[in-house]
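Accompanying notes for the structure given below.
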Amino acid sequence: MEKQLPEEFELKKISLSSLNVSGFAWTREDFLKFLEHPISSQFAILGGDVLLIQHGELSYTYDNWYVSDRQKTESFTDFCRRGHAEALRYLNAYPKKDNVVFSPTLTSEVTAGWLR
């Protein structure tokens, strides 16, 4: 069963429904706060997209990141750590702009990321 995000992070979500997508985005600051929060260790970050906000409208920049598949010998905890490290690396390297948000793909399912 998927874990729920704490309310403080749910309230900061920016809906992507205007793009006909069921996902969400966070500002850089809110995403960094999530990565620093202890609850984040229970979620794998599989990757994410970068979106631009212009005139109140969201659009994809086509910039993104991903984490390579989870290996059979890799624990879920280690996979989560690797996803967090990659997300943090990407956030820190991405140019700082006020009108950019990040849409991570999160899961708390322990079977996430297995090679098929």
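What the table below lists for this structure:
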| read-out | value |
| --- | --- |
| Residue within the stretch 58-66 that is closer than 28 Å to T111 by Cβ, of a type in the set (A, V, I, L, M), surrounded by 15 or more Cβ atoms within 10 Å (Cβ to Cβ) and in contact with a Leu (Cβ under 7 Å, 6 or more places away or on another chain) present | no |
| All positions within the stretch 44-57 that are free of Cβ contacts under 8 Å to residues at least 60 places away in the same chain, surrounded by 19 or more Cβ atoms within 10 Å (Cβ to Cβ) and not small (G, A, S) | D49, V50, L51 |
| The stretch 1-43, subset among the acidic types (D, E) and in a helix (DSSP H, G or I), residue surrounded by the most Cβ atoms within 10 Å (Cβ to Cβ) | D30 |
| Close pairs from the stretch 65-86: first more than 19 Å from F102 (Cα to Cα), partner assigned to a loop (DSSP other than H, G, I, E, B) and modelled with pLDDT under 90, Cβ under 6 Å, at least 6 apart | D69/G113; D69/L115; R70/G113; F76/V110; F79/G113 |
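The values are calculated or read from the model by the stated rules, or taken from the named source; none is laboratory data. What you are looking at is a predicted structure, and each value in this text was computed from that prediction instead of being measured. Positions of Cβ are generated from backbone atoms using ideal geometry, with glycine treated the same way; all protein chains shown enter the neighbour counts.
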